[in-house]
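Report on the following structure.
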Amino acid sequence: MRYIKWFGGFVALVLTTSLWTAFAQDTPSVDEIVKKTNHMAYYQGKDGRAQVKMTIRDSQGRTRQKSFTILRRNRDDKDEEQALYVFFHEPPDERGTVFMVHKHVGKDDDRWLYLPALDVVKRIAASDKRTSFVGSHFFYEDVSGRGIDQDNHELVETTDKYYVLKNTPKDPASVEFDSFTMYIHKQTFIPVQIKFEKNGEVYREATTLEVKDIQGYKTVTKGVMKDLRNGGQTLLEYSDVKYDMGLPDDIFTERYLRSAPQDYLK
């Protein structure tokens, strides 16, 4: 099983967060918190779509924008196998770029990047998942999510509103962080803030800025990832979010990297 590290990411969080209204009054176990957060972050509804506006601001305050559509489809009913398809509309020189992910449990995800200017399909290696997603402050792994079995999880605090989880990688050599701390809303299980630490310093910070109810699902519609070392950040704003569209499974195949499923991207 997997849960959102951000985006994720964050790109997929917007598509799948939903309201939990009736849980036991006792504090759930760490395993239950992680699984419910994972469920809320990625797997609500059978599928989903969102239009996304990305604003990247560098350390000198200069900005550039991108826009893309995210499609997501669950491929089983176990909160495990899932497919993501991200199609870029703007800027013009990136139109037609596609990022696609097949998420797996117990093994590395499959990730592809199609570059229309070169007419090249690239496989994104597992070692590249902690690199920048299309020049933003999000990483590829923030977009597609991080396996919950890759970290040790500890409930370090419970407040009136949040469960605070500290997550430490089982394989420290595979990531650039020492740990990351998640502030999870107790009623909705939405992660409202994630802080990434290295050598005792918080150097990246993801924050949920806006949540709306869409088709009965509590959905993150605005969030930001900040680089606290150089002052840059990337803002994501979501619109035209829809769930349970009946997306066909075959659009999440290599065939559609070069021939985008336009009917589902509008």
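Every read-out reported here was derived from the displayed coordinates using simple, explicitly stated rules and does not represent laboratory data. Values in this document were obtained by computation on a predicted structure and should not be read as measured data. Don't worry about glycine lacking a Cβ; one is built from the backbone with ideal geometry, like all the others, and counts go over all protein chains shown.
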Given H placed 1.01 Å from N in the peptide plane, which residues other than close sequence neighbours of residue 190 have an amide H under 5 Å from its amide H? 185
Rounded to the nearest Å, what's the spacing between the alpha carbon centres of segment 239-260 and segment 72-140? Just the number, please. 13 Å
Jot down the radius of gyration and Dmax of the chain, Cα atoms only, both in angstrom. 17.4, 56
Taking θ = phi - 60°, what integer Hz values does the Karplus form 6.51 cos²θ - 1.76 cosθ + 1.60 yield along segment 47-58, in sequence order, with x for Gly and Pro? 7, x, 9, 8, 8, 10, 10, 10, 10, 9, 10, 8
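Going through the cross-link list 122/242; 186/222; 66/226, which pairs have a Cα-Cα distance over 23 Å in this structure? Walk me through the numbers on the way to the answer.
On the way: 122/242 29 Å; 186/222 20 Å; 66/226 17 Å.
The answer is 122/242.
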Between residue 46 and residue 108, how high is the FRET efficiency from 1/(1 + (r/R0)^6) when r is the Cβ-Cβ distance and R₀ = 30 Å? Nearest 0.05. 0.75
Residues whose built amide H sits under 5 Å from the amide H of residue 104, excluding neighbours closer than 5 in sequence, are 109, 110
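Quick one: what do you get for segment 128-247 if you divide its Cα Rg by 2.2 N^0.38 Å? Kindly include the intermediate steps, with their values, before the conclusion.
On the way: Rg = 15.2 Å, N = 120, 2.2 N^0.38 = 13.6 Å.
The value comes to 1.12.
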Provide the FRET efficiency to the nearest 0.05 for the residue 170-residue 240 pair, computing r from the beta carbons and using R0 = 45 Å. 0.70
In debye to the nearest 20, the charge dipole size for the chain, taken about the Cα centre with +1 at each Lys and Arg Cβ and -1 at each Asp and Glu Cβ, equals 620 debye
GNM on the chain, C-alpha springs below 10 Å: top fluctuator among 60, 233, 187? 60
